[in-house]
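Inspection log for the structure reproduced underneath, given as structure tokens.
The values are calculated or read from the model by the stated rules, or taken from the named source; none is laboratory data. Computed from a predicted model, the values in this text were never measured in an experiment. With ideal geometry, Cβ positions are generated from the backbone for all residues, glycine too; neighbour counts draw on all protein chains shown. Side chains are part of the model used for accessible areas, which takes the heavy atoms of the whole protein and leaves out ligands, DNA and RNA. Shrake-Rupley method; radii C 1.70, N 1.55, O 1.52, S 1.80 Å.
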Amino acid sequence: MGGAARGIGHYASALLDALRRDFPADEFPVVTPRSRLESRLLFGSAALTGRPRLDRLAGGCDVVWAPAPAPLAVSRGVPLVLTVQDRSWEVRPSDFTSYERLWHLAARPRALARRAERVLTTTEHGRADIVAAWGLDPARVAVAPLGVRALAPGAPPGGEPYLLFVGALEPRKAPGVLAAALATARARGLRARLIVVGDGRMDVPGAEHAGRVDDATLAGLYAGALALVMPSHLEGFGLTAVEALAAGTPVIVSDLAPVREVLGDAAFAYVPPGDAGALADALLAVERAAPRGDPAAVAHLTWSATAAVTHAALVEAAGA
């Protein structure tokens, strides 16, 4: 999280790298705002009136891919492929700031998805959800699971054993639940530290906050952790748990349908979302057991596989 982009930025960057590597005959120009002014022009009121348009800013193109819903504009007749990771802003609107709610209101995700020739999401559960909630044609919605980049890990931090949280310190990631579980587990004898990677508007009292770190540092943190803890109220996929398992680290995760779809039996523990007591039990259990995670359980999740599904959607949209 940090020096290297995470979230949508990580997804877009990793997928573009794979698309360019695996489909060298195609061109993938990128339009990104470099300043707050450009962001307002590209994704602000000007976009809503039809100017500027992403396809024109890219110098003309056969198809536009948007890695997430945003208040963007695409010329009439230019096909659009849209990725929707989840509907968190609709399911848990109170988790978002006023600005974030306005952003999603301006983005009109439902209308954008209906306008798109193809929509991508990351799990079968997510596909069923947006088809039902937004009334989309199932034939236009495809599942492109996320992948794991092979990274050379840095050295794990020294000192006492530690648990690891990686994610935005925002309500939907449940840092408050994690803090309560940590306090309860420590009162019952937990000795492990908790290292928190990420930033945001919330805090986890009693944890060591590493902030935003580069990929090599994060890979080292994954490799050295007793377990990754992902107590989220909502997840579209659960990439941090996949990354941890790929490093041989066990995971304690919220019992959410998309996460179960991705991890299956590979998680050390599934915990009811919001249940700090059950999470405390799992923290104590993983410290006692000191298991290892199974990298083979997520070996099929590669960015090349994601790129193949994405490229097929782009080709289909361009020819539709």
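Restricting the first residue to the stretch 90-110 and requiring it to be over 18 Å from residue 134 (Cβ atoms), which pairs with a second residue that is open to solvent by 40 Å² or more (accessible area, probe 1.4 Å) and outside any helix (DSSP H, G or I) meet a Cβ separation below 8 Å and a spacing of at least six or different chains? Final answer for the pair search is 95/233; 97/201. Select from the stretch 212-248 the residues that are assigned to a strand (DSSP E or B) and touching a Gly at 6+ places or on another chain (Cβ under 9 Å) and list them in ascending order. Within the stretch 212-248, 227, 228, 230 qualify. Total residues in the stretch 112-134 satisfying the condition of being without any contact (Cβ under 8 Å) to a residue 24 or more places away in the chain and open to solvent by less than 50 Å² (accessible area, probe 1.4 Å): the figure is 1. Look at residue 307 and say whether it is hydrophobic (A, V, I, L, M, F, W, C), assigned to a helix (DSSP H, G or I), at pLDDT below 95 and touching an Asp or Glu at 6+ places or on another chain (Cβ under 6 Å). Here the answer is no, as residue 307 does not meet what is asked.
When residue 232 is tested against (1) on the phi < 0 side of the Ramachandran plot; (2) open to solvent by 30 Å² or more (accessible area, probe 1.4 Å), only condition (2) is not met.
Residues in the stretch 174-199 that are modelled with pLDDT of 95 or more and under 20 Å from residue 215 (Cβ atoms): 195, 196, 197. Scanning the stretch 75-107 for residues that are touching a strand residue (DSSP E or B) at 6+ places or on another chain (Cβ under 7 Å), aliphatic (A, V, I, L, M) and either open to solvent by 10 Å² or more (accessible area, probe 1.4 Å) or under 18 Å from residue 236 (Cα atoms) (or both) turns up 78, 82, 84. For the stretch 169-183, the set of residues classified as open to solvent by 30 Å² or more (accessible area, probe 1.4 Å) and among the hydrophobic types (A, V, I, L, M, F, W, C) consists of 180, 183, listed by residue number. Scanning the stretch 249-287 for residues that are in a helix (DSSP H, G or I) and more than 15 Å from residue 182 (Cα to Cα) turns up 257, 258, 259, 260, 261, 262, 263, 264, 265, 266.
Say whether the condition of being at pLDDT below 95, over 25 Å from residue 124 (Cβ atoms), of a type in the set (A, V, I, L, M, F, W, C) and surrounded by fewer than 21 Cβ atoms within 10 Å (Cβ to Cβ) is met by at least one residue in the stretch 263-283. Among the residues of the stretch 263-283, not one is at pLDDT below 95, over 25 Å from residue 124 (Cβ atoms), of a type in the set (A, V, I, L, M, F, W, C) and surrounded by fewer than 21 Cβ atoms within 10 Å (Cβ to Cβ), which makes the answer no. Could you list all residues from the stretch 138-158 that are without any contact (Cβ under 8 Å) to a residue 24 or more places away in the chain, open to solvent by 40 Å² or more (accessible area, probe 1.4 Å) and under 13 Å from residue 119 (Cα atoms)? Listed by number, the residues that qualify are 138, 139.
Reported count of residues in the stretch 179-211, each being in contact (Cβ under 8 Å) with a residue 60 or more places away in the chain, under 19 Å from the mean Cα position of the chain (by Cα), within 18 Å of residue 232 (Cα to Cα) and outside any loop (DSSP other than H, G, I, E, B), is 1.
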